[in-house]
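Below you'll find the structure, written out as structure tokens, and then a few comments.
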Amino acid sequence: MALRIQNLSKRFSSGTLALDAINLEIKQGEMVALIGASGSGKSTLLRHIAGLMAGDASPGSVIEVAGRCVQREGRIQRDVRNIRSQVGFVFQQFNLVDRLPVLMNVLVGRLHGMPWWRSWTRWFTAQDRARALDALARVGIAECHAQRASTLSGGQQQRAAIARTLVQGAKVVLADEPIASLDPEASRKVMEILSLINREDGSTIVVSLHQVDMAMRYCKRVIALHQGRVVYDGTASNLTPALLRDLYGMQAEEILNGSSMLHNTPVPVSAVPAPSVLAWPLPLAQAA
């Protein structure tokens, strides 16, 4: 089991109940969409899985990643840094260092496996650099490796962030609204990359999305959150505008806005062509 969440709740000091008795299991190699309107708890849930936030001290509360405990009854485990090395996190705002070259930003994914003195001096081996170039080639931006991160478009920056998780060797990738600030074409490329990493590497991917048609296009399983609770966990093909309106009421329009589902033409996963973004366009020597 890649992820196991049992009886997870989170109430903030303001009194807001962000997560309410979440129970989920996600198998190794699944690609799962996490949908919901703003404030439904998607980002909060992902941050708990990564051990970036501690849940409430609820009896029996536990989060496990690949069989290892991240937190239990509101207490994050002492070895959480070792566990995080297996968890890649793709943020909405990319989390790149603007003034550093793209290659150096991607190499950050190697820091967890390096001696402290090498990480402190940012001394990377030729093998590390080859691995980073390899990852950049997979996401289609090897030619940008020497550019400062600030010079890339939003879509390219998000692809660099995904390359960082490849270099990290993450078994589980958590993507928090990775296409929220991107245009439609850049969004499609990012989702195709995540989908192909899932298929080719067997990585478990959990991606939170506002756009339900994107969830249906790229993910076979959808988990819907509403006011911190799981209100749907099942196949994407069973989602309909009517069901979403039953689950969300007026908030359903936020999720359906701009979706092809409004026209009753959802695109099933099986109809999506095999992405070509990760087609390894250049040998490493040329990419460099």
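Of the residues 108, 70, 65, only one is crowded, with 17+ Cβ neighbours inside 10 Å, at pLDDT 95 or above and touching a Leu at 6+ places or on another chain (Cβ under 9 Å); which?
Checking each option against the conditions leaves just 65.
Name the single residue that is surrounded by the most Cβ atoms within 10 Å (Cβ to Cβ) among those in the stretch 126-184 being in contact with a strand residue (DSSP E or B) (Cβ under 8 Å, 6 or more places away or on another chain) and among the polar types (S, T, N, Q).
If we take residues in the stretch 126-184 being in contact with a strand residue (DSSP E or B) (Cβ under 8 Å, 6 or more places away or on another chain) and among the polar types (S, T, N, Q), then 158 is surrounded by the most Cβ atoms within 10 Å (Cβ to Cβ).
Pick from 40, 13: which is farther than 30 Å from residue 201 by Cα and in contact with a His (Cβ under 6 Å, 6 or more places away or on another chain)?
40
Which members of the stretch 1-46 meet the condition of being within 15 Å of residue 225 (Cα to Cα) and basic (Lys, Arg)?
10, 42
Which pairs turn up if I take residues in the stretch 16-39 that are over 22 Å from residue 1 (Cα atoms) and look for partners that are modelled with pLDDT of 95 or more and aromatic (Phe, Trp, Tyr) with beta carbon separation below 7 Å, at least 6 apart in sequence or on another chain?
Correct list of pairs: 18/12.
Might you let me know whether the stretch 218-228 holds any residue that is in a helix (DSSP H, G or I) and basic (Lys, Arg)?
no
Enumerate the pairs (first residue in the stretch 68-81 and closer than 16 Å to residue 5 by Cα; second residue anywhere and among the polar types (S, T, N, Q) and not in a strand (DSSP E or B)) with beta-carbon separation below 6 Å, excluding pairs fewer than 6 apart on the same chain, so at least 6 apart or on different chains.
Qualifying pairs under 6 Å: 69/77; 73/61.
Taking the stretch 46-91, which residues are over 14 Å from the mean Cα position of the chain (by Cα) and among the polar types (S, T, N, Q)?
Selection gives 58, 61, 71, 77, 82, 85.
With 21, 33 as the choices, which residue is at pLDDT 95 or above, at positive phi and assigned to a strand (DSSP E or B)?
Residue meeting the stated conditions: 21.
Could you please tell me which pairs satisfy a Cβ distance under 6 Å, a separation of 6+ or placement on different chains, a first residue in the stretch 47-67 that is in a strand (DSSP E or B), and a second residue that is surrounded by fewer than 20 Cβ atoms within 10 Å (Cβ to Cβ)?
Going by the 6 Å Cβ cut-off, the qualifying pairs are 62/6; 62/72; 64/4.
Could you identify the single residue in 43, 38, 13 that is more than 30 Å from residue 195 (Cα to Cα) and not in a strand (DSSP E or B)?
Going through 43, 38, 13 in turn, the sole match is 13.
In the set 136, 182, which member is closer than 16 Å to residue 96 by Cβ, aliphatic (A, V, I, L, M) and either part of a helix (DSSP H, G or I) or in contact (Cβ under 8 Å) with a residue 40 or more places away in the chain (or both)?
Result: 136 is the single residue among 136, 182 that is closer than 16 Å to residue 96 by Cβ, aliphatic (A, V, I, L, M) and either part of a helix (DSSP H, G or I) or in contact (Cβ under 8 Å) with a residue 40 or more places away in the chain (or both).
The values are calculated or read from the model by the stated rules, or taken from the named source; none is laboratory data. Just so it is clear, the model here is predicted, and its values are computed rather than measured. Please note: Cβ atoms are built from the backbone with ideal geometry, for glycine as well, and neighbour counts cover all protein chains shown.
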